[in-house]
1. If the convex hull of the alpha-carbon atoms of segment A:3-85 is projected onto planes in all directions, what is the mean projected area in square nanometres?
2. What's the long-distance tail for segment B:29-160, i.e. % of Cα pairs beyond 20 Å?
3. What do you get for Rg/Rh of segment A:89-167 when both radii come from the Cα atoms and Rh is the Kirkwood radius?
4. Of all the accessible heavy-atom surface of the protein assembly as shown, with the other protein chains kept in place and a 1.4 Å probe, what percent is carbon and sulfur?
5. Please work out which residue of chain A brings its Cβ closest to the axis of the rotation superposing A onto B, and round that distance to whole Å.
6. Taking H as built 1.01 Å from N, whose amide H comes closer than 5 Å to the amide H of B:Phe83, not counting residues under 5 places away?
7. Using modelled backbone amide H atoms (1.01 Å from N, in-plane), which distant-in-sequence or interchain residues come within less than 5 Å of B:Gly22's amide H?
8. In Å², and per residue, what accessible area does segment B:61-155 have when probed at 1.4 Å with the other protein chains present?
Protein chains: 2
Amino acid sequence: MKLTEAKEKFIQAWGTLGSSWGINRTMAQVHALLLIAPDSLSAEDIMEDLQISRGNANQNIRALIDWGLVSKEFKSGERKEFFSAEKDIWKVATQVMKERRKRELEPVLKVLAEVRNVEGDKKDKKIKAFNDSIANIQGVVSKADKTIDALMKADENWFVGSFLKLLK
Amino acid sequence: MKLTEAKEKFIQAWGTLGSSWGINRTMAQVHALLLIAPDSLSAEDIMEDLQISRGNANQNIRALIDWGLVSKEFKSGERKEFFSAEKDIWKVATQVMKERRKRELEPVLKVLAEVRNVEGDKKDKKIKAFNDSIANIQGVVSKADKTIDALMKADENWFVGSFLKLLK
DNA sequence: CTGAACTTTCGAAAATAAATGAAAGTTTAT
DNA sequence: ATAAACTTTCATTTATTTTCGAAAGTTCAG
């Protein structure tokens, strides 16, 4: 397979994966492009390679920076900004988990705490079913939250090594 | 807080969580409703509670069944179908992981294997950067795949207990 | 077999999200 | 100070996703 074809395939696949994870397709494609780029790219390079508009490129690049997955670079003699992605996928994964934990898990935990105990007869079937469900969900969600927190502090080798060994 | 209000809040929160995870809002809301319902509900009950149309209810219920999160029940004397959700959230989580692994991770792994080695000079900077990135991504993605596979076989107490202890 | 009680399908409409591109805003060199 | 080189914003357009609801399909009792 030629490099051009392989590159194209990879960018498409990464875009599809991203879009099924709530990250928009273009954002994931820009990320893919930067992941496999040997050097940092300018906004113009990205626009040209992915055939997208300036505004679109700009917004998605900034979203990636916001997620902590891409960083700006300056080249001496150049006025343009250049962008490069974190290449270590393990770091990418933990960074994504960290952001999603903050953006998604925390609000849910907050609501769960709020609805934790409803007024009324605790023996009432409806109230009991509700309370039991919420307690169970809260337990698992908060454990997931703690696990992600812990995972972020662990490095890949530690994780893969000891965790997978443990599973045997 | 009254039960009605708490229920409403929880359904909304679960819907929001779902929609940022590629599961559509209504599907997640139907799931939330079934999670906290003391008894199984009919399509009509769901339509009425969430104020959605028959077609919409039907499609989302079937999607939930397809994901293995909801099951049909028959009540003697009733012709209607009733639906109930798996209440153990840990099982829900592993079920979702299992489905997503199949639907999303596997296709990406397939593409990664395909683009694994491109033609041409292995010393070429572009080719080298591409191959290195792909190798790294493939490593992490396939480890994630194996981890999810292992996780699915572990039960909650085992996982949370020994894993969290290990992290300290 | 027939009709009532339900469930499923599917094209069209509505809602939502993403992309465009021109205009406005910044920064820097001279 | 100003003009060139870039970056950012945002109203519009375009594409995608979701919902609706009527029609078709199914099942079952009588």
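1. 5.3 nm²
2. Cα-Cα pairs of segment B:29-160 separated by over 20 Å account for 61 percent.
3. Using Cα coordinates only, the ratio equals 1.16.
4. Carbon and sulfur atoms account for 51 percent of the accessible area of the protein assembly as shown.
5. A:Gly22, 3
6. Those qualifying (amide H under 5 Å, at least 5 residues apart or on another chain) are B:Leu41, B:Ser42, B:Glu73.
7. Result for B:Gly22 returns A:Gly22.
8. Working: 5290 Å² over 95 residues.
Here the per-residue accessible area is 56 Å².
The values are calculated or read from the model by the stated rules, or taken from the named source; none is laboratory data. Just so we're clear, the structure is a prediction, and the values are computed from it rather than from any experiment. So basically every Cβ, Gly included, is an ideal-geometry build from the backbone, and we count neighbours across all protein chains shown. Side chains are part of the model used for accessible areas, which takes the heavy atoms of the whole protein and leaves out ligands, DNA and RNA. Shrake-Rupley method; radii C 1.70, N 1.55, O 1.52, S 1.80 Å.
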